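The values are calculated or read from the model by the stated rules, or taken from the named source; none is laboratory data. All values derive from a computational prediction rather than experimental measurement. Note that each Cβ is placed from the backbone with ideal geometry, even for glycine, and that neighbours are counted across all protein chains shown.
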Amino acid sequence: MKVRARGENPLAYVRTYGCQQNVADGEKIKGLLAEMGFSFTSEPEDADFILFNTCAVREHAEDRVFGNVGALKNLKRRHPSTIIAVCGCMTEQERVAQRLKQSFPFVNLVFGTHVIHRLPEMLRDVLVNSERVFLQGHEEEEIMEGIPVRRDGKTRAWVTAMYGCDNFCSYCIVPYVRGREKSRRPEEIYQEFRSLVEAGYKEITLLGQNVNSYGKGLEEGVNFSSLLRSLDEIDGDYRIRFMTSHPKDASKELFDVMAHSRHIPHYIHLPFQSGNDRVLREMNRKYDREKYLSLIRYAREVMPDISFTSDVIVGFPGETYAEFQDTLSLIREVEFTNLFTFIYSSREGTRAARMPDPVTYGEKTKWFAELLETQEEIAVRRSKRMVGTNERVLVEDRNQKSGLLSGRTGGSHTVEFSGEDALIGNFAEITVTDARGFQLHGELIR
Ligand code: SAH
Ligand code: SF4
Ligand code: F3S
């Protein structure tokens, strides 16, 4: 197959939206494209192949994609040979696939989340037969292993532990677009993980929508804690991170493994979504406020220095202002390092989309502002407490504005400090000297 190229080599532009799972998929897609002879560009204008790897989790994410795909119409006029493709979670929704088919005739290829490995044949059909290709594909029984990966970074890497989600939280589209939960075999994960450590990666993040249910359905009799324990035994100078942990399946064993590990920072992202029991029940989260708080208490008992981050939804259908206050009180009680906050967005086909939703969006944005203000106060207070402490940071890059190096602590705080470029991609020891808002400043020790 010959890919049409305007330059010497065919160039691909791949843009990924959404969560780390999508980022990991994007790296596989780039691996496949590289095998087909593509090089990569960050300029859509120069590309022979343009791909949007999309996210469906909130309406705003979808609107952005439609806007950006629409904007390619003119580019296609200038460069008619450019192939335009859309994949990822959005395309798994029939409504979206239809809209792309009917209203975006310049889009050549649309494919779902279960058929990434078939990209070479899909591209061949587009090129050789000059067809528009739409492929949803069914979920395979077995996980596709061995797809080449072209990783975006040299310091941080993603390793999928499990695919899909079985939880059907009532607001969430993910189980519909990602299919059923499937765990990768532990030896596959171990091999990939070890080769990343050997290649010098410093932070390796295990991925899954609910990593705590890892191992269900496998013959090996493993769970997430035992997986972590076996990976932690691999020698080397690196950190293990993981996301996301669902509180309903987080166990004492998990926190015990973290407390005794060599490579797992004392940090966990543990989304609580709401601090009110009625709302949690309506969300189908399968834990209550007390269970969540008891996990936090146990984690602090075995790791007094542990740091927590979380996801929160404001304005779930039927949530009252009084119930929202329970979310604020939970935030004050736990004192999270950082929060990822969302205003509820109705997703067609989910249970919550059929629930009465009397509170106006305008009202919800007021609650949202109150949430941000509350968290800001907490973050500032927590950051101030860190002044004078020593932290090990993974240096990520140089902040162009401040000219300082920027790194991340084990607990996921960002710290800026002055130092040589050679530190980028390595660990450094710093003393926290100042906290301005959430932002920490430090001095290099070594
Ligand atoms: N599997 C992860 C979350 C994946 S989606 C977990 O269960 O924790 C990431 C976050 O997006 C969720 O935690 C939730 O806070 C938010 N989210 C999901 N669906 C949403 C919706 N319909 N409206 C607003 N926020 C939503
Ligand atoms: Fe969505 Fe819930 Fe699954 Fe997370 S656990 S992906 S919020 S359904
Ligand atoms: Fe979005 Fe799909 Fe992830 S819907 S949040 S990219 S699993």
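For region 6-55, a residue qualifies if it is within 12 Å of ligand 3 (Cβ to nearest atom) and among the polar types (S, T, N, Q), and the qualifying residues are 16, 20, 21, 22, 53, 54. Restricting 213, 225 to those that are under 20 Å from the mean Cα position of the chain (by Cα) and buried (at least 17 other Cβ atoms within 10 Å of the Cβ) reduces the list to 213. Name the single residue that is nearest to residue 381 (Cα to Cα) among those in region 318-352 being free of Cβ contacts under 8 Å to residues at least 40 places away in the same chain and of a type in the set (Ser, Thr, Tyr). That would be 341.
A quick yes/no check of all residues on (1) in a loop (DSSP other than H, G, I, E, B); (2) at pLDDT below 95; (3) not assigned by TED's automatic domain parsing to the domain that holds residue 210:
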site	(1), (2), (3)
248	no, no, no
294	no, no, yes
308	no, no, yes
316	yes, no, yes
341	no, no, yes
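Taking the listed residues 391, 376, 443, 429, the one that is over 22 Å from the mean Cα position of the chain (by Cα), in a strand (DSSP E or B) and under 20 Å from residue 269 (Cα atoms) is 391, with no other qualifying. I'd like to know if region 46-54 contains one or more residues that are of a type in the set (Asp, Glu) and within 17 Å of the chain's Cα centre (by Cα). Checked region 46-54: no residue is of a type in the set (Asp, Glu) and within 17 Å of the chain's Cα centre (by Cα). I need a count of the residues in region 60-86 that are of a type in the set (Val, Ile, Thr), in a helix (DSSP H, G or I) and within 24 Å of residue 125 (Cα to Cα). Result for region 60-86: 1. The set of residues in region 187-224 that are closer than 17 Å to residue 265 by Cβ and in contact (Cβ under 8 Å) with a residue 60 or more places away in the chain comprises 202, 203, 205, 207, 224.
Condition (residue is within 21 Å of residue 263 (Cβ to Cβ) and surrounded by fewer than 16 Cβ atoms within 10 Å (Cβ to Cβ)) applied to region 391-399: is it met by at least one residue? Within region 391-399, one or more residues are within 21 Å of residue 263 (Cβ to Cβ) and surrounded by fewer than 16 Cβ atoms within 10 Å (Cβ to Cβ). The C-beta contact set for region 380-404 (first residue more than 19 Å from residue 429 (Cβ to Cβ), second residue among the basic types (Lys, Arg) and in a strand (DSSP E or B), distance under 6 angstrom, 6+ apart or interchain) is empty.
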